[in-house]
Amino acid sequence: MVTAAIGAGDPAQGRALLWLNVAALLLVLLSCFAVIHSTHATRELYTQLQVLESRQWHLQEDYGRLLLEESTWASHYRVEKVARTELGMAEPDLAHYKVVRR
């Protein structure tokens, strides 16, 4: 704070100094509240970030499982097995092959 020895000087100068001290105090308090608000907002955003990162991790885990399941369902062995057993498909004999010319 600004301090000065005010003797028999002008009372207006003393009031100006008092207002200067009050203004400085208000600016310091305003700065303190701004720091508190900024810290609180940062913590809230960090909490949201952690939630989103957790959600992203779970989604990536699910995506990996789905890729594995898709590769299992689409494997050549499984497709051929389903075609032979459930659909009754079979490979034709060589005698049944026909060549079509353009």
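How many residues are part of a helix (DSSP H, G or I) and either at pLDDT 95 or above or touching a helix residue (DSSP H, G or I) at 6+ places or on another chain (Cβ under 9 Å) (or both) when one looks only at the range 69-91? Explain how you work it out, then say what you get.
Just the residues of the range 69-91 that are part of a helix (DSSP H, G or I), to begin with: 69-73, 76-85.
Next, from what is left, pick out any that are either at pLDDT 95 or above or touching a helix residue (DSSP H, G or I) at 6+ places or on another chain (Cβ under 9 Å) (or both): 72-73, 78-79.
Of the residues in that region, 4 qualify.
In the range 1-56, which residue that is of a type in the set (Asp, Glu) and modelled with pLDDT of 95 or more is farthest from the chain's Cα centre (by Cα)?
Here is the first cut: in the range 1-56, the residues of a type in the set (Asp, Glu) are 10, 44, 53.
Add one more test, that the residue is modelled with pLDDT of 95 or more, and what stays is 44, 53.
On the way: GLU44: 13, GLU53: 6 Å.
Residue satisfying both the conditions and the ranking: GLU44.
Does the range 59-71 contain any residue that is over 34 Å from the mean Cα position of the chain (by Cα) and surrounded by 10 or more Cβ atoms within 10 Å (Cβ to Cβ)?
Among the residues of the range 59-71, not one is over 34 Å from the mean Cα position of the chain (by Cα) and surrounded by 10 or more Cβ atoms within 10 Å (Cβ to Cβ), which makes the answer no.
Quick one: in the range 73-102, of everything that is of a type in the set (Val, Ile, Thr) and surrounded by 10 or more Cβ atoms within 10 Å (Cβ to Cβ), which residue is nearest to the chain's Cα centre (by Cα)? It would help to see each step written out before you state the result.
So the first thing to find is which residues in the range 73-102 are of a type in the set (Val, Ile, Thr), and the list is 79, 82, 85, 99-100.
After this cut, where a residue has to be surrounded by 10 or more Cβ atoms within 10 Å (Cβ to Cβ) as well, the list is 79, 82.
Numbers: VAL79: 40, VAL82: 43 Å.
Filtering the range 73-102 for residues that are of a type in the set (Val, Ile, Thr) and surrounded by 10 or more Cβ atoms within 10 Å (Cβ to Cβ), the one nearest to the chain's Cα centre (by Cα) comes out as VAL79.
The values are calculated or read from the model by the stated rules, or taken from the named source; none is laboratory data. Computed from a prediction, not measured in an experiment: that's the story for all the values here. Cβ coordinates were reconstructed from backbone atoms using ideal geometry, including for glycine residues, and neighbour counts include every protein chain displayed.
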